[in-house]
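Asker: Below you will find the structure I want to go over with you.
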Amino acid sequence: MSIVDQSCFAEISRPSRYIGGEINAVRKSPSQTEVSIALAFPDVYEVGMSHLGLKILYNILNAEDWLAAERVYSPWMDMEAELRRLKIPLTTLESDRPLREFDLVGFSLQHELSYTNVLNMLDLSHIPLLARERSDNDPLVIAGGPACFNPEPVAAFFDLMVVGDAESVAVEICRAVRQAKHSGRLSKKDLLYDLRHVRGIYIPSFFNIQYEPHGPVAEIVPVHADYRGVRKAIVPDIDAYPFPERQIVPFAELVHDRVSIEITRGCTRGCRFCQAGMIYRPVRERSLESIMEKAENTLGLTGYEDLSLLSLSSGDYSCIGPLLKRLMDRLSPKNIGVSLPSLRVDSLDPGMMEEIKRVRKTGFTMAPEAGNDRMRRIINKGLTQKDILETSQAVYRAGWNLIKLYFMIGLPYEEEGDLLDIITLSRQITQMAGRKGRKDNLNVSISTFVPKAHTPFMWTTQVPLEESRRRIHRIQDGLSRSRIRVKWNQPELSWLEGILSRGDRRLAPAVMEAWRLGAKFDAWGEHFRKDVWEEAFARCGLDPDFYLYRERDLKETLPWDHIQTGVTKAFLRKEWIKAGEADLTPDCRVHCLECGVCDHHGVDPVLHPCSGTVLDAAPAGTVRPFPESVKRYRITYRKLKKARHLSHLELVRVLIRAFRRAGLDLACSRGYHPMPKVSFFTALPVGTESLEELMQVEFLYPVDITAVKEKLNAELPEGVDVSSVEEVPVGGKKVRIIESRFLITLNSLKYPDDKLEKFLRSDNFPLVKKGKSGEHEIDVRSIVSHISMVAPEKVSLTIKEREGPGLKPTEIIKGIFELKDEDIRSTGVLKTGQILA
């Protein structure tokens, strides 16, 4: 039984998170596949659907005809409450199957603060939390993602974990499950034993941990002599693996609602605080031609209007200038913007800025990390004050009104004067913007440094919580009364992250206890409860200070020593020593630093120098002048079934992206943020179906109206379809809706006739409308032009359109018949038509 079919669904916030049926989703019949895996993301849909890694795995796994990969995300609080109330297990979006019916459930662990959500999702799926308590009939519960590079705090919950590039081993794991099913040998123990030599696979139960009397790890003892450590899985050439061009197009607006192309994996800079820069070595670039092909194909198959070039340092891509030029030549005539979310200041030049702003200014972010040259040498970020100031001045001069800066506090060797230098640098930058307008022209974001495993700073201490708060407030006070907006990550979140990021297996009972006490969505500041975690640690006899504020000895056995990233511990020790001397290490693009990750045979940096690259011109017909006159069309469409759960803004995105996928050229407004010339006559409330909705669009050129209907319907999701298209004069009289007709169905409840008679006899019938702007009294009698019973449970209702606050059909019915909230939950609302003037 699906919750989408339940009467309570109308009470759920953002129901589009849960309905499935998105464009490009892969649906396979369970009876036609041999192995099934639920790809589980322990955060809400908008966050999980933004993650490129999950899209890559979804594409690779579903490319196998014997294998079905489906998606599931952490339900929000209101949905979880309904699932538990109705005793409905957590299900996937594609087939609506419970997770416990899958062969594998694979979690993506992007950060440590998602751990309690993992337990919550397992519990909602009725799957035992601990690996040792699961039987051979339960799914194989696995995990991957950057948090798996120190898997120990959650090792007890997983049968196996993937360390490194999951696309290189995901199919191999599923193939082993397939072979086990074919042979009839379904023992998990045997399956794991067979998988132990697959590179990147960590099986926690195959290692025992011994501890020193005073707390640190004494020894990591392998159960099998031939399985003593785990080398990370690595994709030597990212272009050799399929890229998901036919990406799922969501209904809900995502955190990163755009096409993302990974142009580079890994980084050569060697920032000593950055775990990603160490664990994802070596650098591997896509070729310029591959990026161009994937960008254009993916944009065409999804209909997105923005493209993001992903990398740990996008400006370091060898051919970034020509790539930007070629992309903007192709995409700017289509009003598609390009953003580089991770630009280093010293990799930027004026030519890149000019290219980026050709369609729209997508925001400008820089990460100095520290306020002076000394601190940046300590963290091996060879960026000078001069670089930062000159780049900031160039950005403002190029037309950007706002710059975002990221700083960290609590870095090793930080002193009070270093905080003052953050204040000074920020004030110097904001002065370069001039005095245009009164708005803030600089956003400063501050986070507390968290030492991470497999980095040169993994031996150091974390700044105490109270001191972290003090340093943040010091910067905040220093930047008050300026045109600088200061934001910061809650130090309490960094406190928990610090405990878990360098923790050991003894933390697993505390994670479970915190979840039992109510911890979930810990990364969401408004839901994080430090007192719950403190209580959990106390109940488990653990001291958080042991993990946070204790400097590790360089010879100490660390909980993650059996996890091998390729970067040697000896190299990390040298970098830690050099940090104390504020000594820079050069970029390994200059010469190999012998960090240990490259074997110089199968694994080496993959670079694509652009010397000699010839830029081809934009295709004929792509660059075109803005027409002085366009053709205008009125489109009638329906919104039924699951689509009734879409909000108006979600429906707008669905339709505009359908136009793009269909290759229909919409006219756009001018200016820095061009928008398609599309207007809608009304906005339907969430949960309302309609047989007749209207929109008006302007095309750059005349179109065949029959072809428009066919092309759009081929690109629209189930429940949304175009019924007619007609051309209307551009300069004609503006048409508007004056009345809308509805059929209201209230299941299992008859409307009392006396209430309806009372309403019909009244001269006025006031109801109070509560909204964001306050309360408004509305006379229902003046806006209802017709109401009658057409069956014992059905009401025909016609509402006059009016300016200002209005009432939903359900609000009118509730008021007239004096119904309760629970009565109205099961109401079905169908818009049957409208009257135009």
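The values are calculated or read from the model by the stated rules, or taken from the named source; none is laboratory data. Owing to the predicted nature of the structure, the values given are computational and were not obtained by experimental measurement. All Cβ positions, glycine included, derive from the backbone under ideal geometry; neighbour counts span all protein chains shown. Calculation scope for accessible area: heavy atoms of the full protein, side chains included, ligands and nucleic acids excluded. Shrake-Rupley method; radii C 1.70, N 1.55, O 1.52, S 1.80 Å.
Asker: Under the 0.36 nm per residue contour assumption, what length would be gained going from the current alpha-carbon distance of Q210 and T832 to full extension?
Answerer: 216.9 nm
Asker: To continue, here is another question. Computed FRET efficiency, Cβ-Cβ of E757 and A81, R0 60 Å: what is it to the nearest 0.05?
Answerer: About 0.95, to the nearest 0.05.
Asker: May I pose another question? Extension gain E34-K750, at 0.36 nm per residue separation less the Cα-Cα distance, in nm?
Answerer: Gain on stretching E34 to K750: 252.9 nm.
Asker: Largest first, please: the extent of the C-alpha atoms of segment 159-218 along each principal axis, to the nearest Å.
Answerer: 49, 26, 14
Asker: How large is the dipole of segment 439-570 about the Cα centre if only Lys and Arg carry +1 and Asp and Glu carry -1, each at its Cβ, rounded to the nearest 20 debye?
Answerer: 540 debye
Asker: Leaving out ligands and nucleic acids, and using a 1.4 Å probe, what accessible area per residue does segment 1-117 come to in Å²?
Answerer: For segment 1-117, the solvent-accessible area averages 33 Å² per residue.
Asker: If you don't mind, another one. Quickly work out the R175-to-A240 label distance, labels modelled 7 Å from Cα along the C-beta direction, and quote it in nm with one decimal.
Answerer: My value for the distance between the label points is 1.4 nm.
Asker: So how tilted is helix 569-580 from the main axis of the chain? Cα-based, degrees 0 to 90, rounded to 10.
Answerer: Approximately 90 degrees, to the nearest 10.
Asker: Starting from the Cα of H601, step 7 Å along the direction of its Cβ; do the same at Q393; then give the gap between the two resulting points in nm.
Answerer: Roughly 5.3 nm, to one decimal.
Asker: Run through the DSSP bridge list for segment 13-118 and note the antiparallel percent, rounded to the nearest 5.
Answerer: Of those bridges, close to 10 percent are antiparallel.
Asker: Considering only I812, A837, N747, whose Cα is most displaced toward the positive end of the charge dipole of segment 698-837, charges sitting on Cβ of Lys, Arg (+1) and Asp, Glu (-1)?
Answerer: Result: I812, furthest along the dipole toward the positive end.
Asker: Let me ask you something else. Are there chymotrypsin sites (Phe, Trp or Tyr not before Pro) in segment 533-562 that DSSP puts in a loop and that have at most 13 other Cβ atoms within 10 Å, and which ones?
Answerer: Within segment 533-562, no chymotrypsin sites (Phe, Trp or Tyr not before Pro) qualify (loop, at most 13 other Cβ atoms within 10 Å).
Asker: Follow-up. Using the alpha-carbon atoms, what tilt in degrees (0 to 90, nearest 10) does helix 288-302 show relative to the longest principal axis of the chain?
Answerer: That works out to roughly 30 degrees.
Asker: Same structure, new question: Under a cut-off of 21 Å between alpha-carbon atoms, report the lysines in cross-link reach of K733, not counting same-chain residues fewer than 8 places apart.
Answerer: K631, K677, K800
Asker: Using alpha-carbon pairs under 8 Å, 6+ residues apart, how would you state the relative contact order of the chain in percent?
Answerer: 12 percent.
Asker: Restricting to DSSP H runs of at least four residues, report the calculated mean residue ellipticity at 222 nm for the chain, -39500 (n - 2.57) per run over all residues, nearest 500 deg cm²/dmol.
Answerer: Result for the chain, helices only: -8500 deg cm²/dmol.
Asker: So what is the relative contact order for segment 627-725, in percent, with contacts set as C-alpha pairs under 8 Å and at least six apart?
Answerer: Reported relative contact order: 49 percent.
Asker: Under a 1.4 angstrom probe, counting protein chains only, how are I577, I835 ranked by accessible area, largest first?
Answerer: I577, I835
Asker: Hey, which of these cross-link pairs are over 25 Å Cα-Cα: K487/K569; K55/K530; K520/K772; K87/K520; K452/K555; K794/K820?
Answerer: Pairs exceeding the cut-off: K487/K569; K55/K530; K520/K772.
Asker: Another question, if that's okay. How far, in nm, would the chain grow between N297 and E535 when pulled straight, counting 0.36 nm per residue and subtracting the alpha carbon separation?
Answerer: Extra length available between N297 and E535 comes to 80.5 nm.
Asker: Over segment 386-497, calculate the relative contact order: mean separation of alpha carbon pairs under 8 Å at least 6 apart, over the residue count, as a percent.
Answerer: 33 percent
Asker: Which of (1) 189; (2) 174; (3) 208 is the computed volume of the Cα convex hull per residue in Å³ for the structure on display?
Answerer: (1)
Asker: Under a Cβ-only charge scheme (Lys and Arg +1, Asp and Glu -1), can you give me the dipole magnitude of segment 95-214 about the Cα centre, in debye to the nearest 20?
Answerer: Result for segment 95-214 is approximately 400 debye, rounded to the nearest 20.
Asker: Quick check: at a probe of 1.4 Å, how many percent of the accessible area of segment 676-826 sits on carbon and sulfur atoms?
Answerer: Carbon and sulfur atoms account for 47 percent of the accessible area of segment 676-826.
Asker: Write down the accessible area per residue of segment 255-387 in Å², having rolled a 1.4 Å probe over the full set of protein chains.
Answerer: 27 Å²
Asker: Quick one: dipole size for the chain, taken about the Cα centre, charges +1 on Lys/Arg Cβ and -1 on Asp/Glu Cβ, in debye to the nearest 20.
Answerer: I would put it at about 1940 debye.
Asker: Given a 1.4 angstrom probe, I'd like the percentage of the accessible area of segment 40-187 that is carbon and sulfur, rounded to a whole number.
Answerer: 49 percent
Asker: Provide the percentage of antiparallel DSSP beta bridges, counting only those with both residues in segment 173-310; round to the nearest 5.
Answerer: Taking every DSSP beta bridge with both residues in segment 173-310, the antiparallel ones total about 65 percent.
Asker: So with the 1.4 Å probe, I'd like the accessible area per residue for segment 431-522, rounded to whole Å².
Answerer: For segment 431-522, the solvent-accessible area averages 40 Å² per residue.
Asker: Go through 24-30, 771-777, 288-294 and give me the packing order, highest mean Cβ count within 10 Å leading.
Answerer: 288-294, 24-30, 771-777
Asker: With a 1.4 Å probe and all protein chains left in place, how much of the accessible area of segment 204-276 comes from carbon and sulfur atoms, in whole percent?
Answerer: The computed percentage sits at 47.
Asker: So for the pair Y701, R481, with labels modelled 7 Å out along Cα→Cβ, what separation do we get in nm?
Answerer: 6.2 nm
Asker: Relative to the longest principal axis of the C-alpha atoms of the chain, give the angle of the C-alpha long axis of helix 115-124, reported between 0 and 90° and rounded to the nearest 10°.
Answerer: 50 degrees
Asker: Given the protein chains as shown and a 1.4 Å probe, how many square angstrom of I446 are accessible, to the nearest 10?
Answerer: Approximately 0 Å² for this residue.
Asker: Rounded to the nearest 5, what % of DSSP beta bridges with both residues in the chain are antiparallel?
Answerer: 55 percent
Asker: Using modelled backbone amide H atoms (1.01 Å from N, in-plane), which distant-in-sequence or interchain residues come within less than 5 Å of V105's amide H?
Answerer: Residues meeting the criterion, in which the H sits 1.01 Å from N, are A38, L140, V141, I142.
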